[in-house]
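Each remark here refers to the structure printed beneath this line.
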Amino acid sequence: MSGQRILAIDQGTTSTRAVMFDAAGRALATSQTPLRQIYPADGWVEHDAEEIWQATLKVCRAVIAETGGVEGIAALGITNQRETTIVWNRRTGQPVMNAIVWQDRRGAAMCTALREAGHEGTIQNKTGLLIDSYFSATKVQWVLDNVSGARVAAEKGELAFGTIDTFLLWRLTGGRVHATDATNASRTMLYDIHTGRWDDTLLDLFTVPASLLPEVRDTAGDFGATDPELFGRAIPIAALVGDQHGALVGQACFTPGMVKSTYGTGCFVLVNTGDKALPSRNRLLTTIAYRLKGKTTYALEGSIFNAGTVIQWLRDGAKMIENAAESERLAVELDGHGGKGRVYFVPAFTGLGAPHWDAGARGAILGLTRDSSIGHIVRAGLESVCYQTLDLLTALQQDGIAALPALRVDGGMIANNWLLQFLADITGIPVERPVYTETTVLGAAFLAGLGQGLFSSLDEIRSAWRLDFRATPKMPDAQRDALLDGWQDAVKRVMR
Ligand code: ADP
């Protein structure tokens, strides 16, 4: 196996990256290029699919050249921003319009109409999702209803739909393979996660002809090979995986109860629930963790709207810190002084998510005294991310998740060791940071290695995961309880 490499593509919302790994999962080279955001109207967000394709070629070629050429690349895996929708012409390969990005809200009115017509239960039962314009279904419907000639062409079987994985796969294989994987399919709101099929009732509801749809395959396996003209030789494509699901694999969360939490701009938590698709009573999402050799593993997913945004606000809005790293210095310094007085920061910039679900709530800083300093407010900002994580974990536990053995973290904020210790103290769960924190793209590489037989099992991937830092809970219960009372009181004060 020595000398074999795995190429992984991470097509994200703000950039396109390629990383070359060796067969042990060590990154050898990375290339990245930013992606232009297009805002045609209020609440609309698009990407130029052609730009995504060109960027993908560029970053792949860069890491191939940097690591000694195309020989020895055993497999390619793709992870991607989920839900983003592209419709293209099967004959020419040309998209009929820009990609409609997951954040795009143009389907919101359609979603309201579906909710009012009482379809929420059916959709949640089949897809595990709550009706929302984030998911692909209303985006496809919008394309067919608004791009001139699109519906007629779709009904004649001339068009293809795909999320980013599918579009890249189509282009990489020279139009030979029109497929997706179960994780990406599970975010379209057209796919029944229990039967593992596109669902006729949902296709009727969103007026999407079945002829548009890609074949749904295992997350790791045979997706064809790259057109030899692209990189000088055909490379087997062996995995497609949605970004959050990729991170779950990159964090080697393979047994029920294992959880990964990504702290970037927002925070995304995924818990492996094994072969059970747990329905949520707390408005969390039931989703497919991965499908391997025909066997589906499920996950519950929850998110926190504001994590890194708190640090960004402290830096750019309030101008209390000059850079993100300063937040750690201030928190450590304050603790060193005995940390007198507790300030709470409820970052409900855009409302409160799980388990409060109050869209009208707005942020607040509470508990200021004459002694309060910028340090108190900054520390409270970091703490708020931890309290919100606990609230989310509590919601997951109410939905039937038993004990959580550890919280495996990634994302830009986890450079902050103070944050990780407070997170362990408040949640009462050990917090683990891996050596290689780009877990999403690592997950795609692991899966591609699995799909191509470089790894024989998930156990082999599990032993390739390496711990860098572990924070164990050590705060006395009484102190923790007092802090939590203060947080719950602060949250109550901002709710409408
Ligand atoms: P995304 O992928 O959502 O763009 P990243 O994973 O790159 O986000 O994380 C960036 C976020 O992490 C930013 O909001 C930044 O403020 C925050 N961040 C970076 N370093 C630190 C730090 N040392 N302490 C706290 N927050 C940090």
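The values are calculated or read from the model by the stated rules, or taken from the named source; none is laboratory data. Everything numeric here is computed off the predicted structure, so don't read it as measured data. We place every Cβ from the backbone using ideal geometry, glycine too, and count neighbours over all the protein chains shown. For the accessible areas, the whole protein counts, side chains as well, though only heavy atoms, and no ligand, DNA or RNA atoms are used. Shrake-Rupley method; radii C 1.70, N 1.55, O 1.52, S 1.80 Å.
Observations on the model:
- Segment D145-A482, extension gain: residue separation times 0.36 nm, minus the distance between their alpha carbons: 115.8 nm
- GluC sites (Glu not before Pro), loop per DSSP, at most 10 other Cβ atoms within 10 Å - longest free stretch of the chain: 72-321
- Only the Cβ atoms of Lys and Arg (+1) and of Asp and Glu (-1) were treated as charged; on that basis the dipole of the range 5-243 about its Cα centre amounts to roughly 360 debye.
- R0 of 41 Å, Cβ-Cβ distance R462-D335: FRET efficiency to nearest 0.05: 0.70
- Rounded, prolate or oblate (a/c below 1.5 giving rounded, otherwise prolate when a/b exceeds b/c) for the range 191-302 by Cα gyration tensor: oblate
- Filtered trypsin sites (Lys or Arg not before Pro), the range 281-378: DSSP coil and at most 16 other beta carbons within 10 Å: R281, R283, K293, K319, K340, R362, R370
- Only Lys, Arg, Asp and Glu carry charge here, each on its Cβ (+1 for the first two, -1 for the last two); on that basis the range 331-387 has a dipole of about 140 debye about its Cα centre.
- Taking the DSSP beta bridges with both ends in the chain, the antiparallel portion is around 70 percent.
- In terms of its alpha-carbon gyration tensor, the range 5-243 comes out prolate; a/c meets the 1.5 threshold, and the first ratio a/b outweighs b/c.
- Protein-only accessible surface order, largest first, of W313, W102, W88 at 1.4 Å: W313, W102, W88
- Radius of gyration, Dmax [the range 342-412; alpha carbons; angstrom]: 14.4, 44
- Mean projected area in nm² (Cα convex hull; one quarter of hull surface) for the chain: 22.6
- The trypsin sites (Lys or Arg not before Pro) of the range 179-265 meeting both criteria, a DSSP state outside H, G, I, E and B (loop) and at most 16 other C-beta atoms within 10 angstrom of the site's C-beta, are R233.
- Probe 1.4 Å, accessible area per residue of the chain, Å²: 38
- Neighbour net charge for A359 - beta-carbon separation under 13 angstrom, K R +1, D E -1: +1
- Structural descriptor for the chain: relative contact order 15 percent, calculated from alpha carbon pairs under 8 angstrom and at least 6 residues apart.
- The chain - percent of accessible surface contributed by carbon and sulfur, probe 1.4 Å: 51
- For the range 140-174 versus the range 451-496, the inter-centroid distance based on Cα atoms is 40 Å.
- Among A307, V378, S133 - extreme Cα towards positive end, dipole of the chain, charges at beta-carbon: V378
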